[in-house]
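Encoded as structure tokens, the structure appears first; notes follow it.
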Amino acid sequence: MTTTLTAEAPASGAGASATRPGDALAGTGALVRFILRRDRIKLPAWLLGMALLLSMFLNGVAELTKTEEQRQDLLRIMEGATGAIFGPGYGRDDITTERYVVGVYGLFFFVLAALMSLLLVARHTRAEEQNGRAELVRSAVVGRNAHLTAALVVAAGANVALALLLGGVMAANGYGGADGLLFGASVGAVGLVFAGVTALTVQVTEYSRAATAMAGTVLGAAWAVRAAGDMIEDYGSPLSWFSPLAWSNQTRPYVDGRWWPLLLSLGLAAVTATAGYALSGRRDVGAGLVAARAGRTDAAPWLRSPLTAAFRLQRTGLIGWTVALTASGFLFGGLGEQVADPANMSEDRIDMFGGSVDTLLDGYLGVITMFTAVLAGIMVVLGVQSARTEETKGRAEPVLATATSRWAWFGGYLTVLALGLVAMLLIVGLATGIAAAVAESDGSYVWDLTAAHLAHAPGILVMLGLAALLFGVLPRAIGVTWAVLGYSLFVGFFGEIMDLPGWARNLSPVEHAGQPPLDDVSWPATVTLLLIAAALAAAGLVAFRRRDLETT
Amino acid sequence: MTTAIVTSELVKAFGRVRALNGLQLSVKTGEVHGFLGPNGAGKSTTIRVLLGLLRADSGRAEVLGADPWREAVALHRRIAYVPGDVELWPNLTGGEAIDLLGRLRGGLDKARRDELIERFDLDPTKKGRTYSKGNRQKVAIVAALASDAELLLLDEPTAGLDPLMEVVFQDVIDQLKAQGRTVLLSSHILAQVEKLADRISIIRQGEIVQTGTLAEMRQLTRTTIEALTRQPVTGMERLPGIHDLEAGDGPVRFAVDGEHLEEAVRALSQFGVRALTSHPPTLEELMLRHYGDELAAAGEPAGDVR
Ligand SMILES: Nc1ncnc2c1ncn2[C@@H]1O[C@H](COP(=O)(O)OP(=O)(O)O)[C@@H](O)[C@H]1O
Ligand SMILES: [Mg+2]
């Protein structure tokens, strides 16, 4: 076996001091096929999923662009600061379905294409090195650059396929051929850029997750720069052009389509990928450019109880969620005046924002608060799922083999999540309130919105209780909590508009808090929700004490 | 109290798999007890039941005089555990993990912790996700051995260690034994426990099939001998307890029952022994003997095992 391999090796013969250029790529073809085989489900799922999503958006939005009133509603989302969140807003003076989908929902496709590409490249380069498989593969007739090249080839192919597919979906729904393809290409271009960026970040760190996090940060920064740039000036300012996402927006499909901005995307993809190759040539297999940082020799003195241990393990997540929700709360809090302008607002939207023109702003803030609360619910459910991961991965086992009871261990998680939730709602509420107070020049919003956010805590604690109960009784079904969360969001947004019956709305724990700050805090509801949450959590704890610890 | 662990008729099923099938285990206080069995025999399941992490379907288990399911927490203050598959927290360092586990048990001896880290040549500043399997195992071993637990439950603790570290490990366990602590040491390789264990229990398909000292067990089994002699070996086949004899032009090979070893070696020496190797029975051979008994009992030809 070994001898066969050496015999076949093209140029590792004696005297060849440096590898020949072609050698560095030896085996690329085989690796490409190997990647396609390993991703034979994942990659088509990404592509078809995005095609399906586009189809859904097109059909959904077509229903919303029928009357002038509806188009006025959509305009609100496409202009000013709100519009800048999604894009520069081309075509908003005469909104059509395809213009709206490309101009607003285009952002979702950019982000998805970027994620598909960056995960793909990281998965087949750094992740392979990290788990040692690359070493095994590279000891065969596989060149130094083969892994990276193969991953980039597949990423490029996937993005070309994506461009064609999205163009096809546009055409199939009757929205022009060339512009549809241009939109597809704009999405694919974002994917290519982030494949290139990831080719660079995977060289820097030893860990796949850190490499994807870095590329993800670049994506976040690209969005922030584009959004800020587009806020400064209608249809984008010079600042916008520093973001690769802007280039894909600036192709202006269905307005006056132009291809040349995509040259910038291709250029950046090429530059970053080349830099990746250069760095890759300067390091060992498995190593990063930045050596892994050493940590503490001893644990901090406070890390000594199940509660503090749960906090230590959840800390990064809690901080991340709080920062993200605070930023979005600040943004949405400041946008109130503009969004809640009653002129030309449709009946539907007035219903959603509380039903009365006089309290539109409070109604809007109520929707934002409810939305934030549901997002906080995601954090809480993820927290319970991470406790479950601790259990199944076997990390809970050595802890529960110490003098730590099941109650203390899982109770520690629940306590950290509950306190973290309340602290987070407090901080986010303050931030939203301050932004609204500044925008409205009315200081009372600080207190009102803080209270409004906290008023949602009991409802979200019921979600925590539900997840805790499932953890104890039927841990495989913790995911059911997601459905409840999704249902609550649905009821919060559309319950009024769709005239859902009272009982159907009452199924949502979030609904019982009303729509603060529009509604006052209802103390009986608050107390009832807290009691239900406590009962559910206690039942979960008892059930966990009685069941086997499950490790896989 | 003379027994640290007693189980009787322990049964534990996972769906249709009966992981423990009437397990009878007994470990005396102060002994190092080898717990041997092939993969999937039920070693880890037994240890998890003894820790109260799993609840037995039926049967009784008593650890340090208490019921491990009902009095788990109180018991755990007196027990240290090394899991079979050590998983560490990705963003905690090895040192942090050792301290956390030690403190949760009720405190650990800092000097002893540092000494063990040094002896096992462990870098405590690395993050959990960067440790190799062997190093993850060392973290769990240090956390367990730095405690003053009376009873240590070690599930294949040396599976990922290199030979050098295995020697260190044996040394440390010897120290613990000298201090009178009780150790249950599981493994699927006889060689890993034979240096340490006072007594051994062999588990197969959720049942203990043999218990005793290694010497007792060896009595019941065969040693394989291979020798190079000056003169051709003849007549060995007439001696009692000789099996699988191969005596031709080259070296002579045979297996001999433990009780007849002395006679065989004496006979062999007459032919002028130039080189001699002997292989004590491996776990597989100890197990095979049991299979052999079972097969014979079932009235089937036991082949060359018998
Ligand atoms: N949580 C579980 N779910 C289902 N089957 C299990 C589980 N744990 C162990 N088993 C099964 O029980 C048997 C004994 O496993 P285990 O105790 O881990 O064996 P050992 O540690 O001796 O290798 C095996 O057949 C294994 O597949
Ligand atoms: Mg095991």
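The values are calculated or read from the model by the stated rules, or taken from the named source; none is laboratory data. Since the structure is predicted, the reported quantities are computational estimates derived from the model, not experimental observations. Neighbour counts run over all protein chains shown; Cβ positions are idealised from the backbone, glycine included. In case anyone asks, the SASA skips ligands and DNA or RNA and just uses the protein heavy atoms, side chains included. Shrake-Rupley method; radii C 1.70, N 1.55, O 1.52, S 1.80 Å.
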Quiz item: Is segment A:27-280 best put as rounded, prolate or oblate by its Cα gyration tensor, with a ≥ b ≥ c the root eigenvalues, rounded for a/c under 1.5, and otherwise prolate when a/b is larger than b/c, oblate when not?
Solution: prolate
Exercise. Just give the residues from segment B:70-85 buried by at least 50 square angstrom of accessible area in the all-chains context relative to the isolated chain, probe 1.4 Å, and say none if nothing qualifies.
Key: B:Val73, B:His76
Exercise. Using the Karplus curve 6.51 cos²θ - 1.76 cosθ + 1.60 with θ = phi - 60°, work out ³J(HN,Hα) for each residue of segment B:237-244 in order, rounded to whole Hz, and write x for Gly and Pro.
Key: 5, 7, 6, x, x, 9, 9, 6
Quiz item: What's the FRET efficiency of A:Glu347 with A:Ala539 using the Cβ-Cβ distance as r and R₀ = 41 Å, to the nearest 0.05?
Solution: 0.40
Quiz item: Name the GluC sites (Glu not before Pro) in segment A:463-552 that are in a loop by DSSP and that have at most 16 other C-beta atoms within 10 Å, would you?
Solution: A:Glu550
Practice problem: Provide the per residue accessible area, probe 1.4 Å, for segment A:27-280, rounded to a whole number of square angstrom. | Solution: 40
Practice problem: May I ask you to rank A:Trp447, A:Trp260, A:Trp482 by accessible area, largest first, using a 1.4 Å probe over the protein chains only? | Solution: A:Trp447, A:Trp260, A:Trp482
Quiz item: Tally Lys/Arg at +1 and Asp/Glu at -1 over every other residue whose Cβ is under 14 Å from the Cβ of B:Leu23; what's the total?
Solution: +2
Quiz item: About the Cα centre of the protein assembly as shown, what is the dipole size in debye to 20, counting +1 per Lys and Arg Cβ and -1 per Asp and Glu Cβ, all else neutral?
Solution: 1840
Self-check item: Within segment A:27-280: Cβ-based charge dipole about Cα centre, in debye rounded to nearest 20 (Lys, Arg +1; Asp, Glu -1)
Solution: 1180
Quiz prompt | Cleavage-rule hits, trypsin sites (Lys or Arg not before Pro), segment B:201-260, DSSP coil, Cβ neighbours within 10 Å at most 13 | solution = B:Arg230
Self-check item: Only Lys, Arg (+1) and Asp, Glu (-1) charged, at Cβ; segment B:1-76 dipole about Cα centre in debye
Solution: 280
Self-check item: For the pair B and A, total buried accessible area rounded to nearest 100 Å², probe 1.4 Å
Solution: 3300
Exercise. At 1.4 Å probe size, with no ligands or nucleic acids counted, give the accessible surface of B:Ser26 in Å², nearest ten.
Key: 50
Quiz prompt | Residue-normalised accessible area of segment A:307-546, expressed per residue, 1.4 Å probe, Å² | solution = 40
Exercise. Heavy atoms only, probe 1.4 Å: what % of the accessible area of segment B:3-212 goes to carbon and sulfur, would you let me know?
Key: 46
Quiz prompt | For B:Lys28, residues with placed amide H under 5 Å, excluding near neighbours | solution = B:Ala4
Practice problem: Can you sort B:Asp198, A:Asp73, B:Asp109 by 1.4 Å-probe accessible area, starting with the largest? | Solution: B:Asp109, B:Asp198, A:Asp73
Self-check item: Average Cα contact separation per residue, chain A, under 8 Å, 6 or more apart, as relative contact order %
Solution: 13
Practice problem: Only loop residues by DSSP count here, and only those with at most 13 other Cβ atoms within 10 Å; note down the trypsin sites (Lys or Arg not before Pro) in segment A:128-193 that meet that. | Solution: none
Exercise. Would you mind getting the accessible area per residue of chain B, heavy atoms of the protein chains only, 1.4 Å probe, in Å²?
Key: 44
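Go through A:Asp94, B:Asp99 and list them by solvent-accessible area, largest first, probe radius 1.4 Å.
Highest to lowest solvent-accessible surface, that is A:Asp94, B:Asp99.
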Quiz item: Considering only protein heavy atoms and a 1.4 Å probe, what is the carbon-and-sulfur percentage of the accessible area of chain A?
Solution: 66
Exercise. Please name the residues of segment A:306-323 whose accessible area, counted over protein heavy atoms with a 1.4 angstrom probe, falls by no less than 40 Å² between the chain alone and the full protein assembly.
Key: A:Arg312, A:Leu313
Quiz prompt | Accessible surface of A:Leu266 - all protein chains present, 1.4 Å probe, nearest 10 Å² | solution = 90
Exercise. Return the sequence-ordered ³J(HN,Hα) values of segment A:308-317 in whole Hz as given by the Karplus equation 6.51 cos²θ - 1.76 cosθ + 1.60 applied to θ = phi - 60°, using x for Gly and Pro.
Key: 5, 5, 4, 4, 4, 6, 9, 3, 4, x
Practice problem: Two decimals is fine: what's Rg over Rh for chain B, C-alpha atoms, Kirkwood radius as Rh? | Solution: 1.05
Self-check item: Cβ-defined net charge surrounding A:Gly472, 15 Å radius [Lys, Arg +1; Asp, Glu -1]
Solution: +3
Quiz item: Accessible surface of B:Lys127 in the full protein assembly, 1.4 angstrom probe, to the nearest 10 Å²?
Solution: 60
Quiz item: What are the residues whose amide H is under 5 Å from the amide H of B:Glu207, where those residues sit 5 or more places off or on another chain and H is modelled from the backbone?
Solution: B:Asn21
Quiz prompt | Cα-based reach from A:Lys66 at 16 Å (exclusive), listing aspartates and glutamates while leaving out same-chain residues under 8 positions away | solution = A:Asp93, A:Asp94, A:Glu98, A:Glu347, A:Asp348
Self-check item: Residue-by-residue Karplus 3J(HN,Hα) for segment A:364-381, coefficients 6.51, -1.76, 1.60, Hz, glycine and proline x
Solution: 4, 4, x, 5, 4, 5, 4, 4, 4, 4, 5, 4, 4, x, 4, 4, 5, 5
Quiz prompt | Selection from A:Met170, A:Leu136, A:Thr96, by position along the positive dipole direction of chain A (Cβ) | solution = A:Leu136
Quiz item: Counting only residues 5 or more places away or on other chains, whose amide H sits under 5 Å from the amide H of B:Arg199 once H atoms are built in the peptide plane?
Solution: B:Val32, B:Gly34
Quiz item: Cα-Cα over 23 Å: which of B:Lys12/B:Lys177; B:Lys43/B:Lys110; B:Lys126/B:Lys195; B:Lys110/B:Lys177; B:Lys127/B:Lys195; A:Lys42/B:Lys127?
Solution: B:Lys12/B:Lys177; B:Lys43/B:Lys110; B:Lys126/B:Lys195; B:Lys127/B:Lys195; A:Lys42/B:Lys127
